[in-house]
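Rule-based calculations on the coordinates, nothing more; no lab input. Note that this is a predicted model, so its numbers are computed, not measured. Note: ideal-geometry Cβ built from the backbone for every residue, glycine included; neighbour counts use all protein chains shown.
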Amino acid sequence: MKYKLIIQRQKSKTDKPYIQSFFVEADTDNTTVAAVLSMLNSQDELYDSEGKRCDKIRWECSCLQKKCGACAMVINGRPCLACDARLINLGSEITIQPLKKFPVIADLMIDRGILYENLKEINAWLTDEAYADEKRNDILYEASRCLQCGCCLEICPNFYTEGDFFGMAAMVPSARILDELNDKKKTALKKEYSKHIYNGCGKSLACRDICPAGINIEKLLVNSNTIAVWKSLFLRNK
Ligand code: SF4
Ligand code: SF4
Ligand code: FES
């Protein structure tokens, strides 16, 4: 089957975006957007749908198995992983854009550095040995599956890169750390959690429905809100 990819491109950070289209053919129902982007770039010379020679398409990937999050982009208006987006489900004309909440480096490559800066700001890591309660293994496992892809931030109406709200890409890793820290060490992270996650979240859970890893964001959010905020409020008001 033949498809038309309509790609938003940009030569560099400082250049203006433009649209360029390409025709591709898919042999199987499993052919993904990542596969056809690789196929286009593997040609010695790349031509657009009007026969004009053009630069290779810049985009990122690593695992090609929905495990690393590198290939996150907006496909037909929805943030998702290119290696998980099958052409057969997308119609004959497919629009592809970079995630819009992050600075574009070139074409579909974006700078997601803010995700790591935000985790650094709230100190979302362990500094020494942690006690893992077997009864909480499901929470720890769920929280460890975050790809840091940024799809949840793309869809979130409250997240923007200069803002104080860090979104679910910070909540999910925090959910794991909050569960592992002892009570004394939780205090600092609880404070940061309240400021950068709990206070800014409207709890619409649009992020839950978009997460390509299928993480149970609602469960983690309730668990972390309980540990970081609700328990303290309840105890203070007793
Ligand atoms: S929570 Fe889901 S959507 Fe958000 S960064 Fe992690 S894997 Fe991606
Ligand atoms: S629940 Fe809503 S406001 Fe909170 S992170 Fe998800 S999309 Fe954003
Ligand atoms: S390339 Fe790793 S998730 Fe798509």
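Give the residue list of chymotrypsin sites (Phe, Trp or Tyr not before Pro) in the range 82-136 that are DSSP loop and have at most 16 other beta-carbon atoms within 10 angstrom.
Here the sparse-neighbourhood loop sites are TRP125, TYR131.
By the scheme Lys and Arg +1, Asp and Glu -1, what is the net charge of all other residues having a beta-carbon under 13 Å from that of CYS151?
Spelling it out: positives minus negatives among the neighbours equals +3.
When you count, for each residue, the other Cβ atoms within 10 Å and take the mean per peptide, how do 35-44, 186-195 rank with the highest first?
Descending packing order for the listed peptides: 186-195, 35-44.
Considering the chain as a Gaussian network with a 10 Å cut-off on Cα pairs, which listed residue, PRO98, PRO157, PRO79, attains the greatest mean-square fluctuation?
Of PRO98, PRO157, PRO79, the most mobile in the Gaussian network model is PRO157.
Restricting attention to the range 154-191, which GluC sites (Glu not before Pro) occupy a DSSP loop and are surrounded by at most 12 other Cβ atoms within 10 Å?
GLU162
At a Förster distance of 41 Å, what's the computed FRET efficiency of ALA132 paired with LYS13, Cβ-Cβ distance as r, to 0.05?
E(calc), rounded to 0.05, equals 0.45.
Of LYS56/LYS100; LYS16/LYS190; LYS4/LYS219; LYS56/LYS195; LYS11/LYS191, which pairs sit farther than 32 Å apart, going by alpha carbon to alpha carbon?
LYS16/LYS190; LYS4/LYS219; LYS56/LYS195; LYS11/LYS191
Give me the orientation-averaged projected area of the Cα convex hull of the range 113-236, in nm², one decimal.
Its Cα hull, projected and averaged over all orientations, spans 7.4 nm².
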